[in-house]
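Please read the structure below before turning to the comments.
Here, each number is a calculation from the coordinates, and none is a lab measurement. What you see is a predicted model; the values in this text were computed from it and never measured. As a convention, Cβ positions derive from the backbone with ideal geometry for all residues, glycine included, and neighbour counts pool all protein chains shown.
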Amino acid sequence: MALKKINKLYYSIGEVSKITGLKQYVLRYWETEFTVLKPVKNTAGNRIYKDNDIKLIKYIQDLLYKKKYTIKGAKMHLTDQFSNSVNKSSDIQEIKQDLINIKKSLTDIVSLISKYKD
């Protein structure tokens with residue numbers, strides 16, 4: 001079941017079902033089990049999937065069907081994987097905030113020096 005390449009921005013649940021070979025009710029069930037899988041809904045309330053959602057579905061499918069993870073094991077695996085990426089992004093946010101603080105301190109120092117210079 002290779003991922004078929006269709007050049008679209010958004011996919012309906014029916015299209016994702018055909019691409020992945022999974023039933024629509026399985027996709028809806030996985031949304032309740034895997035909190036990282038959150039396709040947005042349009043104004044009519046229909047799910048619209050992006051390429052990243054489909055990649056995640058294929059990854060979950062691989063964990064469950066090929067690697068024989070249980071749902072609980074796949075959840076733990078995904079939680080570990082996503083918490084690591086969240087930690088990395090929070091580290092980046094801390095670094096950005098530190099740089100902002102350093103820049104403000106340097107700006108304050110320059111303004112103090114210019115006051116005494118004049």
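Quick notes on this structure:
- Full extension of the chain between Q97 and K117 gives 4.2 nm of extra length, using 0.36 nm per residue less the Cα-Cα distance.
- With contacts taken as Cα pairs under 8 Å and at least 6 residues apart, the chain reaches a relative contact order of 18 percent.
- Spacing of the two label points (7 Å from each Cα toward its C-beta) at L64 and Y29, in nm: 0.7
- Couplings for the range 60-77, taken from phi via the Karplus curve 6.51 cos²θ - 1.76 cosθ + 1.60 with θ = phi - 60°, read 4, 4, 5, 4, 7, 9, 9, 8, 6, 6, 7, 4, 4, x, 5, 4, 4, 4 Hz in order; Gly and Pro are left as x.
- Net charge dipole size for the range 1-68 [Lys, Arg +1 and Asp, Glu -1 on Cβ; Debye, nearest 20]: 180
- Listed peptides 8-20, 66-78 by packing density, highest first (mean Cβ within 10 Å): 8-20, 66-78
- Rounded to whole Hz, the Karplus (6.51, -1.76, 1.60) HN-Hα couplings of the range 28-33, x for glycine and proline: 5, 5, 4, 4, 6, 8
- Pairs exceeding a 32 Å alpha-carbon distance, out of K38/K96; K38/K103; K18/K68: K38/K103.
- Note that the range 11-27 has calculated 3J(HN,Hα) couplings of 10, 7, 5, x, 5, 5, 4, 5, 5, 8, x, 9, 6, 4, 5, 5, 4 Hz, one per residue in order, obtained from phi through the Karplus relation 6.51 cos²θ - 1.76 cosθ + 1.60 (θ = phi - 60°); glycine and proline are x.
- A Cβ-based charge dipole, computed about the Cα centre of the chain with Lys and Arg at +1 and Asp and Glu at -1, lands at about 580 debye.
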